[in-house]
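Each remark here refers to the structure printed beneath this line.
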Amino acid sequence: MARLMLMKTGWVSLITAGMITMSGCSSTGDQAVGTADQPANAAAVSSEGTPQIETRVVTDGFGEVEIPINPKRVSALYREDYLVALGVTPIVQYYNPMWGKQDYLKLDVPLFDVTGNIEALLVSEPDLIIGAGEVDAEQYELYSKVAPTFRLPDDVLVDTRKTLTLIADLLGLSDKAKQVLADYDARIADVKTKLNAAIGDEKIVVLRMNVVDKSINIFGIHNTFVGQILYEDLGLKAPGFAEAMTEGNIVLSEEVIPELDADHIILLPSNGTWEEESNAKAFEEMKADRLWQTVPAFKNGHVYPVERSYWQTGAITANELKLDDLLRLLAP
């Protein structure tokens, strides 16, 4: 049976019964099936004369859920990028005090601290909550008490186009998604041609510097942030080590550094900006390190510090900004 939407009186009871704190984020391996249109009720009027919300039933990794048709007040935690691409303003924006928020979206909406109390989400009165891999079963049930909640399936999240298409379907904006993707694919084709002319088969990799412990993460070809856009869509070449990786990202051991045959390196900090003293100092130390000086990208001055937030998501708007960076850095 579909989980029916709760009435606002139920939401208020949730808060008055006690304060509920979010548990830490974790990822589940649940694979969801695609949404299946199934009208739940037609627009009607209650005995009190109050218009009923027209809904439909869709299926995610946790079962069936009844959602409103054409929802207007939507929360898409850490997937706000896709709403922006579709011309929709989310009612709140994901925020984690350890990481921050996606500043590149330039949203002027309340922040929802995912490590804090759910009341901040409740008062925003969402019609629909869209979650992803960081929403486990416990959090899913909690969000579902606030509004109908759809958990994006893991096999969709790895693909930018599928994610946009599914979110657009949930919002009743499938036609808009088709136009967004047509423009997106046209831009990628143009950038691909320019990058091929500029660097040919030269190898490029993305690294993330963790300033606190001075470790370096390497993003492989299956990384959900950069794998599809760099190596599938643009056809760029990865160093052998990154190409052989089965994980999305791993800590790079010092023994591997001399074997990292990267001609170009995109470098992002794990937190903050490159203007911050600690990050700037760590980057200078990295450039002076004899091991890193053996890597072609360091030898030839082809290491490019970039803004971290849009390089740590594979969404549409972020990928457009990545394309801007790649043209500026590799094909000026």
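Within region 170-220, which trypsin sites (Lys or Arg not before Pro) sit in a loop by DSSP and count at most 14 neighbouring Cβ atoms inside 10 Å?
Taking region 170-220 and a limit of 14 other Cβ atoms within 10 Å, the loop trypsin sites (Lys or Arg not before Pro) found are 214.
Which FRET efficiency value, to the nearest 0.05, is calculated for residue 119 and residue 159 with the Förster distance at 35 angstrom and r the Cβ-Cβ distance?
0.55
Modelled label-to-label distance, residue 289 and residue 256, 7 Å Cα→beta-carbon offset: nm?
With each label point 7 Å from Cα toward Cβ, the separation is 1.3 nm.
What distance in nm separates the two pseudo spin-label positions at residue 179 and residue 141, each 7 Å out from Cα along the beta-carbon direction?
Going by the 7 Å Cα→Cβ label model, 4.3 nm.
For region 184-330, give me the percentage of DSSP beta bridges that are antiparallel, rounded to the nearest 5 percent.
On the way: 8 of 18 bridges.
Percent antiparallel among DSSP bridges in region 184-330 is about 45.
Quick one: grab the alpha carbon gyration tensor of region 204-294, order the square roots of its eigenvalues as a ≥ b ≥ c, and give me rounded if a/c is under 1.5, else prolate or oblate depending on whether a/b is larger than b/c. Write out the running numbers ahead of the final one.
Working: a/c = 1.91, a/b = 1.45, b/c = 1.32.
Cα axes put region 204-294 in the prolate bin.
Relative contact order for region 51-154: what is it in percent, counting Cα pairs under 8 Å that are at least 6 residues apart?
Relative contact order here is 29 percent.
Each value in this text was obtained by applying a stated rule to the coordinates, not by laboratory testing. Since this is a predicted model, take the numbers as computed values, not measurements. All Cβ positions, glycine included, derive from the backbone under ideal geometry; neighbour counts span all protein chains shown.
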